[in-house]
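The values are calculated or read from the model by the stated rules, or taken from the named source; none is laboratory data. Worth saying up front: this structure is predicted, and the values here are computed from it rather than measured. Here the Cβ is made from the backbone with ideal geometry for all residues, glycine too, and neighbour counts use every protein chain on show. With ligands, DNA and RNA removed, areas are computed over all heavy atoms of the protein, side chains included. Shrake-Rupley method; radii C 1.70, N 1.55, O 1.52, S 1.80 Å.
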Amino acid sequence: MGRILGIDYGDRRVGISVSDPLGITAQGVCTLENKVFEKMMENLEKIIEEYKPAEIVLGMPKNMDGSIGFRGEITLEFKERLEKISNDAKIVLWDERLTTVSADRIFHVTGTKGKDRKKVVDTVAASIILQSYLDSK
């Protein structure tokens, strides 16, 4: 079994996580700045080359009623671009509703605030998305 990459895609930042080699736990990798889309994609491609994931789990933002809104449409467009650099990894869309709430709980428990929180929130969200996927398997 290959590693699985988790991605929390956002307009400003993209959180990245990766599974352990056995696919049991998710660990945060980094947060990529998304100020210049092509630069972010180059950095993401390097991460994909490094970890060689068998699957990529992409957080899919859905409305609370399960419908796909504006953010979901943007994520689907990103998925199309991701497919071009994925090295044939299977891309799985995963419901990311309430991951921000989960991340906020983690920050509350750990006492992480302000700038420190902003630096890692997307990586934590990517880890929550990936761990949720791993737990479902």
| request: Taking Pro61 as meeting all but one of (1) touching a helix residue (DSSP H, G or I) at 6+ places or on another chain (Cβ under 8 Å); (2) more than 22 Å from Val121 (Cβ to Cβ), write down the number of the exception. | output: (2)
| said: Consider the range 63-102. How many of its residues are under 27 Å from Glu50 (Cα atoms) and β-branched (Val, Ile, Thr)? | reply: 6
| said: Against the conditions (1) surrounded by 12 or more Cβ atoms within 10 Å (Cβ to Cβ); (2) in a loop (DSSP other than H, G, I, E, B); (3) under 14 Å from the mean Cα position of the chain (by Cα), where does Lys62 fall short? Just the number, please. | reply: (3)
| message | Looking at Arg71 and the list (1) without any contact (Cβ under 8 Å) to a residue 40 or more places away in the chain; (2) open to solvent by less than 70 Å² (accessible area, probe 1.4 Å), which single condition is not satisfied? | response | (2)
| task | Please find, within the range 1-33, the residue that is surrounded by the most Cβ atoms within 10 Å (Cβ to Cβ) out of those that are farther than 16 Å from Ser136 by Cα and among the small types (Gly, Ala, Ser). | result | Gly15
| request: Collect the residues in the range 122-137 that are touching a Ser or Thr at 6+ places or on another chain (Cβ under 8 Å), hydrophobic (A, V, I, L, M, F, W, C) and either buried (at least 24 other Cβ atoms within 10 Å of the Cβ) or modelled with pLDDT under 90 (or both), keeping them in residue-number order. | output: Ala125, Ala126, Ile128, Ile129, Leu130
| query | Can you find a residue in the range 78-87 that is open to solvent by less than 80 Å² (accessible area, probe 1.4 Å), assigned to a helix (DSSP H, G or I) and within 19 Å of Val124 (Cα to Cα)? | reply | no
| message | So, in the range 20-68, exactly how many residues are closer than 17 Å to Ile128 by Cα and among the hydroxyl-bearing types (Ser, Thr, Tyr)? | response | 2
| said: List the residue pairs whose Cβ atoms are under 9 Å apart, where the first residue sits in the range 26-52 and is in contact (Cβ under 8 Å) with a residue 40 or more places away in the chain, the second is assigned to a strand (DSSP E or B) and charged (D, E, K, R), and the two are 6 or more positions apart or on different chains. | reply: Thr31/Asp8; Thr31/Arg13
| request: Please find, among Ile68, Ile47, Ile106, the residue that is at pLDDT below 95 and over 14 Å from Ser127 (Cβ atoms). | output: Ile68
| task | Looking at (1) farther than 13 Å from Trp94 by Cβ; (2) assigned to a loop (DSSP other than H, G, I, E, B), find the lone condition where Ile48 falls short. | result | (2)
